[in-house]
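Worksheet: the structure to be examined is printed underneath.
What follows draws every value from the coordinates through simple rules; no lab data is involved. Given the structure is predicted, the values throughout are model-derived calculations rather than measurements. So basically every Cβ, Gly included, is an ideal-geometry build from the backbone, and we count neighbours across all protein chains shown.
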Amino acid sequence: MSENSVKRHSTTKMVPVPSRSIVPERDLGRQPVLECHHLGIEFGGLKAVDDFNLTIGRTEIAGLIGPNGAGKTTVFNLITKVYQPTTGTVMINGRDTSGMNIVQASKLGIARTFQNIRLFSNMTVEENVRIGLHNQIRYGMFTGICRLPAYWTKEKKQHQRSLELLSLFGMQDMADVQAGSLPYGAQRRLEIVRALATNPSLLLLDEPAAGMNPHETEELMETIIRIRDQFQIAVMLIEHDMSLVMGICEGICVLNYGRVIAKGTADEIQQNPVVIEAYLGRRKEADA
Amino acid sequence: MRTKKGKLIYNLITFGLVTAAFLICNSMLQSGSMSRTLKGQLVPICAWIVMAISLNLVIGISGELSLGHAGFMSVGAFTGIVVSGWLLNGFQVENDALRLVIAMVAGGVAAGVAGVIIGIPVLRLRGDYLAIVTLAFGEIIRNVMNCVYVSVEGSSLRLGFINPNLPGTLLLNGPNGAVKVQRISTFLAGFLLVIFTLVVVLNLINSRSGRAIMAIRDNRIAAESMGINVTKYKMMAFVLSAVLAGMAGALYGLNMNTLVPAKFKFDQSINVLVFVVLGGIGNILGSVISATLLTVLPEVLRAFSQFRMLVYAIVLIVVMLATNNPLLRSWFNQLTAKVKGRITGRDGQTTKGGGAA
Amino acid sequence: MMFLSNLLGGISLGSIYAIIALGYTMVYGIAKMLNFAHGDVIMVGAYIAFCALQYWNIPPLLAVPLAMLVCTALGVTIEGLAYRPLRQATSLAVLITAIGMSYLLQNLALLIWGANPKNFPSALITLPALSLFGGELKVPGTTIVTILANIVIMIVLTTFTAKTKLGKAMRCVSEDRGAAELMGINVNRTISATFAIGSALAAIAGVLLCSAYPTLMPTTGSMPGIKAFTAAVFGGIGSIPGAMVGGILLGIIEILGKAYISTELGDAIVFAVLILVLLVRPTGLLGKPVHEKV
């Protein structure tokens, strides 16, 4: 099974684009889903992220890796507008997001999961997905309170769509379970389903395989590829599990101390001496 | 409870209980077997039920603590009284039911407007700050109400601020409030308002907007990431709650001969808070039951009236400790399991310690 | 001259607010909770001092320490019984508990001392009024004592938190409770100590408040309590000099507002200030901004 996914990535041809990034050849000539230009943020004088440049193609699976505290989640928070950058810009589908808030970024087509799971744990699995559908299947407050005909049709639509999305992970039977009572792996999967429900063009996954066993991770890799193929979206993920990153990511970006130290395909990254140094330390130090 | 079927049953029980209680009380009224004190309490009970549901919408569903709900009730009550008096004196509308309905709608609208004005600044804040600012607004409303004078001359209203010298029939008299109010509130109107409130709140909870409100309560950042406009939905819950409180206020005010602004002190907000806490935060049926019991009991047990607020205070502390301390909660869970076990004859030990989180 | 006398009155009232605000600001800084019952501890302190002077014939110089002692014990008990079990709970639950505690104290006072207002004896502060500008401006003794007490308390408390071991522990706990615990600081004891200090100060504030405004009732503490919280927010919650600045400014605003704008709307003006401050500068005049971690 994993053979399949590894094969997929090795067949992708990556080509360089401006801003010193690479995108899959198939996405060339199409508007990139994400462009970061000279992105930077300071917290009280400390540069958490500095001069971050990245372009992600329409259907690319991209990886963001780096040692702990390198600023990976901060990059996610900048892209999703949880933080406003001190310098630089984020373009989503060609639109400048300067001055936008989280909600506006979401409406532009960005969805994310969180490193420390943030489900609506008192609600059921289905309700969690329905909240993801908030801006997809809409009706107003009065329609809801007065139970107008639109309420019933839209509710039914939401229900059907929720089950469809849940079935991506085979979770349709858990629709009525309280989200907080799910096992850890299932909670991570539900977060992905909920993010997908917002109909994004870029899905940001923050350590999707954390806490999963090798078998679950393998399944997750397949599912991420399936999602990309089925929805034709881009996926960007932060992950420490290198078998997942090297297995499915087409373009990989390595951060250290808030700066990009390498960009390239899985093979290139694995060979890059700077990356090896960042992860393992310099040989001299290791010897000493 | 959270499943679709569970929710439906919960709603049916809620409406069923309220309707049954109304029918029983009504037949007791008809046969004359109801005591005088209880009779006088019927309309206030309905008003306090609506207040409790309205506050529960803010605390339980929206997850914010409002300490100024008596202020909205006050706005609704005095608007209702003014509108009713205006219709009677200015336009000779003699039909009590019509006047009451218009007064309640006007009270709701006025309180809703106050809710918007207050909500814009308040909802930018969080947690304790939000609570203390709602308290501040409640006090400001009471302060301002003490300075408002309204009279009706011909068919036009005359307004005065800190200025009691107005021509015509005085409807509101500053700190002395409203005097010689025509009591047009009826038990039936109260019951209908309770049903209306239940429909609005329960339908809201089980709708797109309600889910958005609860999502913000459970995890604000995640809700925003899903594209939910936090301000809009917080505002929706807050203003809706204010409207309901205003309507309850109009019902309550038009059941009194006299009403002074001091009636809606901070204490009243706390009273309603006690209803909500005892009934269970987020539990609408619980609010209905506790508001009813806590309004009736003090009247029945007049001998203990001096201990009422003391008991309320203890209720707040004990319920909070019992539901929020992990140790106490698991202990309570064991206890209830044991009691349940006794009743059903099964062993209650199986569900011990489930609540530690 | 009228203005000067109003201004002095404002500073005097503001000094009382400042002393109360210290209790709020220290507790909020360290335990991250709004101790709603703090205002009612003031009331208890005032009642103890009142009983000491009126019924128990204790000399005025001992009445104040006695009130401080009782309030300290009360504050520590409240914290241990009601707040400590809720360390991990939501701020909503803690605030509701604190409101319950406030009502508990008020109603216990109502049962013990009755609803009738007590006239607080003036025997406590016997300093004669100071005449300035040839008798045109009379500064009451209570005003002088209040302002002096405020200054002394501020100096002592600032040195205490900066220099002593306990003071440093308090600052650690307020920065990061988990890290402080790992460094071997007893967090529970530190929070208890904070409540003890805040409550002792509340007793002093209670005596000063009732010396200036001698009507003593079970609800005496609640309004000044809420206003003092406003002062603490105004100055920047968690900051000791902030409490002083916020308290005095709020006192001046209240007295001048009542004198020159409207007596009826005095409280409304104070609360409008709170709302404005929270909207324009939620961290207060001297507070530091905080970031939410995602």
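What the table shows:
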item	result
Residue among B:Lys265, B:Lys180, B:Lys232 with the largest mean-square fluctuation in a Gaussian network model of chain B, springs linking Cα atoms under 10 Å	B:Lys180
Net charge dipole size for chain B [Lys, Arg +1 and Asp, Glu -1 on Cβ; Debye, nearest 20]	1040
Eligible aspartates and glutamates near B:Lys7 by straight Cα distance, threshold 17 Å, same-chain separation 8 or greater	A:Glu126, A:Glu127, A:Glu155, A:Asp176
Helix A:214-231 vs. chain A, principal-axis angle (Cα, 0 to 90°, nearest 10)	70
Given charges at Cβ of Lys, Arg, Asp, Glu: the stretch A:170-225 dipole, positive-most of A:Gly185, A:Asn199, A:Asn213	A:Asn199
Convex hull of Cα atoms in the stretch A:80-223, direction-averaged projection (nm²)	10.2
Virtual spin-label span in nm between B:Val300 and B:Met28, 7 Å along Cα→Cβ	0.8
Loop-located chymotrypsin sites (Phe, Trp or Tyr not before Pro) in the stretch C:1-100 whose Cβ has at most 12 other Cβ within 10 Å (DSSP)	C:Tyr55, C:Trp56
Alpha-carbon Rg/Rh ratio, for the stretch C:193-278, with Rh computed the Kirkwood way	0.98
Computed over the stretch A:120-199: relative contact order in percent, which uses C-alpha pairs under 8 Å that are six or more apart	53
Cα centroid separation, the stretch A:215-288 to the stretch B:49-103 (Å)	61
Partners for C:Lys32 among aspartates and glutamates (Cα-Cα distance below 15 Å; same-chain residues under 8 apart left out)	B:Asp128, C:Glu79, C:Glu175, C:Asp176, C:Glu292
Contour excess over end-to-end distance, with Cα ends at B:Val101 and B:Val116 and 0.36 nm allotted per residue	3.2 nm
Rough spin-label spacing in nm, given labels placed 7 Å along Cα→Cβ, for A:Ala150 and B:Ile314	5.3
Choice from A:Cys253, A:Cys36, A:Cys146 with maximal GNM fluctuation in chain A (Cα, 10 Å cutoff)	A:Cys146
Rotationally averaged projected area of the protein assembly as shown (alpha carbon convex hull; nm²)	47.3
Burial ordering of B:Val300, C:Val187, fewest other beta-carbon atoms within 10 Å first	B:Val300, C:Val187
Selection from C:Tyr28, C:Gly266, C:Thr215, by position along the positive dipole direction of chain C (Cβ)	C:Tyr28
Neighbouring partner chain Cβ atoms per residue of C:64-71, average, 10 Å criterion	0
Burial ordering of B:Cys25, C:Cys210, fewest other beta-carbon atoms within 10 Å first	B:Cys25, C:Cys210
222 nm mean residue ellipticity, helices alone, for chain B (DSSP H n ≥ 4; -39,500 (n - 2.57); rounded to 500)	-23500 deg cm²/dmol
Relative contact order of chain A, defined on C-alpha pairs under 8 angstrom at six or more residues apart (%)	26
Pairs from A:Lys156/B:Lys5; B:Lys232/C:Lys227; B:Lys180/C:Lys258 whose Cα-Cα separation, in the structure shown, is over 20 Å	B:Lys232/C:Lys227; B:Lys180/C:Lys258
Charge dipole magnitude, Cβ of K and R +1, D and E -1 - the stretch A:73-172, Cα centre, debye nearest 20	220
Kyte-Doolittle at least 0.0, axis length at least 18 Å by Cα - qualifying DSSP helices, chain B	B:4-31, B:36-56, B:69-91, B:96-122, B:127-145, B:187-205, B:230-253, B:266-279, B:284-300, B:308-324
Chain C - convex hull of the alpha-carbon atoms, volume per residue in Å³	139
Gyration tensor verdict on chain B (Cα atoms; rounded if a/c is under 1.5, prolate if a/b is larger than b/c, oblate otherwise)	prolate
Modelled FRET efficiency - R0 22 Å, A:Arg20 with A:His240, Cβ distances, 0.05 increments	0.35
Net dipole in debye of the stretch C:23-218 [+1 Lys, Arg Cβ; -1 Asp, Glu Cβ; about Cα centre; nearest 20]	340
Estimated inter-spin distance, B:Phe332 and A:Ile261, nm [label 7 Å along Cα→Cβ]	5.2
Length-normalised contact order of the stretch B:206-292 in % [C-alpha pairs under 8 Å, at least 6 apart]	14
Mean projected area (nm²) of the alpha-carbon convex hull when the stretch A:120-199 is viewed from all directions	5.0
Nearest-ten-degree value, helix C:60-78 long axis tilted from longest Cα axis of chain C	30
Footprinting exposure proxy for A:Asp241, B:Asp267 (fewest neighbouring C-beta atoms within 10 Å first)	B:Asp267, A:Asp241
Beta bridges per DSSP with both ends in chain A, % antiparallel, nearest 5	60
Convex hull volume per residue for the stretch B:269-329, taking Cα atoms only, in Å³	82
Added length on full extension, which subtracts the Cα-Cα distance from 0.36 nm per residue, C:Leu62 to C:Asn188	42.3 nm
Residues of type lysines that A:Lys47 reaches as a straight line, Cα spacing below 18 Å, ignoring anything fewer than 8 places off in the same chain	A:Lys72, A:Lys81, C:Lys293
Of all DSSP beta bridges in the protein assembly as shown, antiparallel share, percent nearest 5	70
Chain C, helix-only ellipticity at 222 nm - DSSP H runs n ≥ 4, -39,500 (n - 2.57), divided by all residues, nearest 500	-23500 deg cm²/dmol
